[in-house]
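Asks: My questions will all concern the structure given below.
The values are calculated or read from the model by the stated rules, or taken from the named source; none is laboratory data. The model shown is predicted, which means the values in this text are computed figures rather than measured ones. Accessible surface is based on the protein model in full, side chains and every heavy atom, while ligands, DNA and RNA are left aside. Shrake-Rupley method; radii C 1.70, N 1.55, O 1.52, S 1.80 Å.
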Amino acid sequence: MTVPHPLPNDLVELIAERFRALGEPTRIKLLDRLREGEATGQELTELLGTTQQNVSKHLGVLQRAGIVARRKHG
């Protein structure tokens with residue numbers, strides 16, 4: 001795929017949004033764990049030693065940036 005130069009404004013905004021989403025160490029830790037596969041909120045909470053609310057907040061940022069997807073089970 002060839003990308004035109006200069007980059008279109010909408011693409012620049014998308015790239016910037018994704019970098020902002022990745023600019024938090026907790027989110028990098030979440031993504032590092034999720035490289036192995038799906039995980040529950042509880043598993044991620046235990047892994048990071050933080051609260052469910054904190055994990056949910058960070059996952060929400062990653063989801064809105066199009067980096068992860070959520071699914072409900074059970």
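Asks: Give me P(r) over the range 1-43, computed from all C-alpha to C-alpha distances, binned every 10 Å, as integer percentages.
Replies: Bin by bin from 0 Å, the calculated values are 23, 34, 27, 15, 1.
Asks: Shifting gears a bit: Quick one: Karplus J couplings for the range 45-62, per residue in order, coefficients 6.51, -1.76, 1.60, θ = phi - 60°, nearest Hz, x for Gly and Pro?
Replies: For the range 45-62, the Karplus curve yields 4, 5, 4, 8, x, 10, 8, 4, 4, 5, 4, 4, 4, 5, 5, x, 4, 5 Hz.
Asks: Quick one: with all protein chains in place, what share of the accessible area of the chain is carbon or sulfur, to the nearest percent (1.4 Å probe)?
Replies: The computed percentage sits at 54.
Asks: Before rounding to the nearest 500, sum -39500 (n - 2.57) across all DSSP H runs of length at least 4 in the chain and divide by the residue total; then give [θ] at 222 nm in deg cm²/dmol.
Replies: One gets -18500 deg cm²/dmol as the mean residue ellipticity at 222 nm.
Asks: Here's a follow-up. When the Karplus curve 6.51 cos²θ - 1.76 cosθ + 1.60 is applied with θ = phi - 60°, which whole-Hz ³J(HN,Hα) does each residue of the range 25-38 get, with x for Gly and Pro?
Replies: x, 4, 5, 5, 4, 4, 5, 4, 5, 6, 4, 6, x, 4
Asks: Given the options Gly37, Gly60, Gly23, which has the most mean-square fluctuation in a GNM of the chain, springs set between C-alpha atoms less than 10 angstrom apart?
Replies: Evaluated over the chain, the most mobile residue of the options is Gly37.
Asks: Hey, what's the chain come to in accessible area per residue, 1.4 Å probe, Å²?
Replies: 78 Å²
Asks: Expressed as a whole number of Å, what is the distance separating the alpha-carbon centroids of the range 1-22 and the range 42-62?
Replies: Each part reduced to its Cα centre gives a spacing of 27 Å.
Asks: How many times 2.2 N^0.38 Å is the alpha carbon radius of gyration of the chain?
Replies: 1.30
Asks: On to the next question. Using Cα-Cα distances under 8 Å and only pairs 6 or more residues apart, what relative contact order does the chain have, in percent?
Replies: It comes to 31 percent, rounded to a whole number.
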